[in-house]
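Encoded as structure tokens, the structure appears first; notes follow it.
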Amino acid sequence: MKKLLIIVLLTLSMVACSNKANYELPVDEYPQTIFDQISELPEEIQEKIIVPTEFPFKIEEPSYRKEETSDGRVLVTALHFISVAEEKNDKIVVHFTTSYLEGLDPYDENAVETLKLDNGIEANIRKDNKQDKTIIWTNDNEAFHTLSILSLGEKISLEQLKIIANSMTSISSSGN
């Protein structure tokens, strides 16, 4: 009986350890400095900003940056996340950018491989190798979203990209 109990407990602990949890970062938990920087952007750009709220691994607080033309037009907004799993030597980096420049169309409508997101959008697969996974998509042909996961040792997958892409939420609807 004692052996049976030990076997059952070991089996349950292995099942619990094998379930990969997703980690949430609700919009209202993003650092206030990001909201402060975004509030300085033109309103038409603020309305297009989306951010990920779910990750297949624990991440540090995001960092934000923007790039502008010499006349002050916003070209790109970017968020950068790093995994924080203590037991891993390898850091996984998530990079999410949105491009706003009119006439700049980094989206290849004839892409051979796509990844269907939960909202029905077909994201083009730009890179799918062992260390780098990248997808790009647009909702309205006015803003192009690029999501990448980079890793030097930890196994990464397109499914992880899909989890992050499916969690995108408008920052303007967050109330911050």
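Any chance you could check the Cα centroid distance between the range 119-157 and the range 58-76 for me, in angstrom?
The range 119-157 and the range 58-76 have Cα centres separated by 18 Å.
Assuming 0.36 nm per residue, please report the length gained on full extension of the stretch S63 to E142 beyond their Cα-Cα distance.
26.1 nm
For the pair E47 and E159, how long in nm is the line joining their label points, each one 7 Å along Cα→Cβ?
My value for the distance between the label points is 3.9 nm.
Taking just the C-alpha trace of the range 110-176, give me its Rg and Dmax in Å.
Expressed in Å, the Cα Rg and Dmax of the range 110-176 come to 12.9, 39.
Distance check, please: which entries in K48/K162; K48/K155; K91/K130 exceed 25 angstrom between their Cα atoms?
Too far apart for the 25 Å limit: K48/K155.
Since every read-out is calculated from the coordinates, none of them should be taken as a lab result. All values derive from a computational prediction rather than experimental measurement. No Cβ is skipped: glycine too gets one built from the backbone with ideal geometry, and neighbour counts run over all protein chains shown.
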